[in-house]
1. Every residue in the stretch 274-295 that is over 18 Å from residue 198 (Cβ atoms) and among the small types (Gly, Ala, Ser), please.
2. In the list 259, 321, 316, 299, which residue meets the criterion of being under 30 Å from residue 207 (Cα atoms) and surrounded by 12 or more Cβ atoms within 10 Å (Cβ to Cβ)?
3. Can you tell me how many residues within the stretch 172-186 are modelled with pLDDT under 80 and of a type outside the set (D, E, K, R)?
4. Return a yes/no flag: does the stretch 189-199 have any residue that is surrounded by 15 or more Cβ atoms within 10 Å (Cβ to Cβ), touching a residue at least 40 places away in the same chain (Cβ under 8 Å), under 25 Å from residue 320 (Cα atoms) and basic (Lys, Arg).
5. Only one of these conditions is not met by residue 154: (1) of a type in the set (Gly, Ala, Ser); (2) at pLDDT 80 or above; (3) not in a helix (DSSP H, G or I). Which number is it?
6. So, of the residues in the stretch 293-351 that are among the charged types (D, E, K, R) and assigned to a helix (DSSP H, G or I), which turns out to be farthest from residue 216 (Cα to Cα)?
7. Tell me yes or no: at least one residue of the stretch 227-249 is small (Gly, Ala, Ser) and surrounded by fewer than 18 Cβ atoms within 10 Å (Cβ to Cβ).
8. With the structure loaded, tell me whether residue 32 is of a type in the set (S, T, N, Q), modelled with pLDDT of 75 or more, at negative phi and out of contact with any Pro (no Cβ under 9 Å at 6 or more places or on another chain) or whether it fails that test.
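The values are calculated or read from the model by the stated rules, or taken from the named source; none is laboratory data. Small disclaimer: the values here were computed from a predicted structure and weren't measured. Positions of Cβ are generated from backbone atoms using ideal geometry, with glycine treated the same way; all protein chains shown enter the neighbour counts.
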Amino acid sequence: MNTLFRSTVGEFYRQRAGFFLVVILLAFGFLSAREHVGIAVFLLADRYGMISLATVWALYALMAQIFWNTLWSSPGYSFVYHARLLPAARRFSWLGVLAAGFLIPPLLYGAWIVNVALGEGIFARSIPVLCIWLGMWLVLILWADRKLSNQDTAVTKKTVPAALRFKRPVSWVFWTLEWLFREKSLTLLLCKAGSLLITIAALAYYGTDDYDLRLPAVGLSMAALANIGLSYEVFHWETNIWPWARSLPISFLTRTGRLMLVHFLLLAPDFLLTIRYGYHLMGFDEMSRIFFLQLSLLLWYHSSLYKAKPLLEDSLGAVFLLFIVLTVLILYNTPLVLLATALLAGGFLNFYRRT
């Protein structure tokens with residue numbers, strides 16, 4: 001059972017570490033304890049609260065089910081189908097443990113909601129929370145048992161929809177973005193969702209009082225760092241998926257320019273959202289300085305990957321340290337253009353030395 005749990009549930013959390021990192025950054029980076037309590041009270045008291053909670057949890061359970069199905073459909077997991085020979089009671093108990101392992105985050109958040117309900121004296125309203133979790137748990141168990149009864153470890157060949165069959169332009173930038181959309185769509189979705197939510201939160205808080213430019217500069221810098229997963233995937237694409245392209249007779253300035261263009265396009269939704277929600281809060285000159293800082297920050301991170309070629313999780317320490325130093329410098333009124341120029345120059349130098 002321990003082997004099955006580690007190879008299934010453990011693999012889920014390992015491969016979805018970026019998703020949970022974004023959730024943690026959102027939950028504990030911007031939301032205070034009072035705001036967490038306010039969300040819990042809304043879920044308990046509002047008539048649409050439980051519907052909202054059930055919807056979010058159902059989407060999470062669907063993500064877990066899709067991963068579980070994909071994992072057990074791979075040829076390397078054919079051994080799990082021997083579990084169908086076990087007695088029903090033992091088989092369902094094992095599947096129950098696996099399903100509960102996938103649903104640990106909703107369980108912890110549900111326990112938090114129940115705790116808030118006890119503190120607010122509305123415990124009866126928290127009973128549907130337990131019912132929703134038990135419903136998802138039972139659905140996953142029944143689906144897994146059906147999966148064991150119908151062994152399927154075939155490897156399906158990916159087909160391109162007819163609508164996507166068109167002549168690709170001869171452009172490294174296009175190929176990189178297409179690879180991100182087609183092969184790393186979940187990472188793209190999670191990173192952009194995280195950065196856009198941080199952007200909205202920073203601008204919404206900026207508009208609540210008379211703050212200076214330092215507040216959105218710090219908040220939107222954090223939003224830019226939510227895209228480091230995408231920058232890492234671009235690095236992975238260039239060095240591991242398509243390494244032979246680095247031997248092509250392409251000038252250093254061309255390589256630098258197309259990397260800058262890719263990162264600019266990755267940050268384009270953030271820029272547009274900042275303009276949409278911040279045009280009445282900041283002038284064009286102030287937004288331009290923040291955009292320059294965001295782009296420089298992401299390019300610096302990308303260039304640092306060429307130095308040691310680390311794993312994504314190994315590079316996070318340097319990112320957090322840089323963010324702390326950058327925050328301190330911004331709070332001491334260091335010009336944003338100067339900070340962005342220094343980051344861009346450092347990134348340019350790193351990239352020049354390693355390519």
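1. Passing the criteria: 283, 288.
2. From the options 259, 321, 316, 299, the qualifying one is 299.
3. Residues in the stretch 172-186 being modelled with pLDDT under 80 and of a type outside the set (D, E, K, R): 2 in total.
4. Yes, the stretch 189-199 contains a residue that is surrounded by 15 or more Cβ atoms within 10 Å (Cβ to Cβ), touching a residue at least 40 places away in the same chain (Cβ under 8 Å), under 25 Å from residue 320 (Cα atoms) and basic (Lys, Arg).
5. Going through the list (1) of a type in the set (Gly, Ala, Ser); (2) at pLDDT 80 or above; (3) not in a helix (DSSP H, G or I), residue 154 breaks only (2).
6. Taking the stretch 293-351 and keeping what is among the charged types (D, E, K, R), we get 307, 309, 313-314.
Still in the running and assigned to a helix (DSSP H, G or I): 307, 313-314.
Numbers: 307: 31, 313: 27, 314: 28 Å.
Out of the qualifying residues, it is 307.
7. Yes; the residues of the stretch 227-249 include at least one that is small (Gly, Ala, Ser) and surrounded by fewer than 18 Cβ atoms within 10 Å (Cβ to Cβ).
8. Working: of a type in the set (S, T, N, Q): yes; modelled with pLDDT of 75 or more: no; at negative phi: yes; out of contact with any Pro (no Cβ under 9 Å at 6 or more places or on another chain): yes.
Answer is no for this residue.
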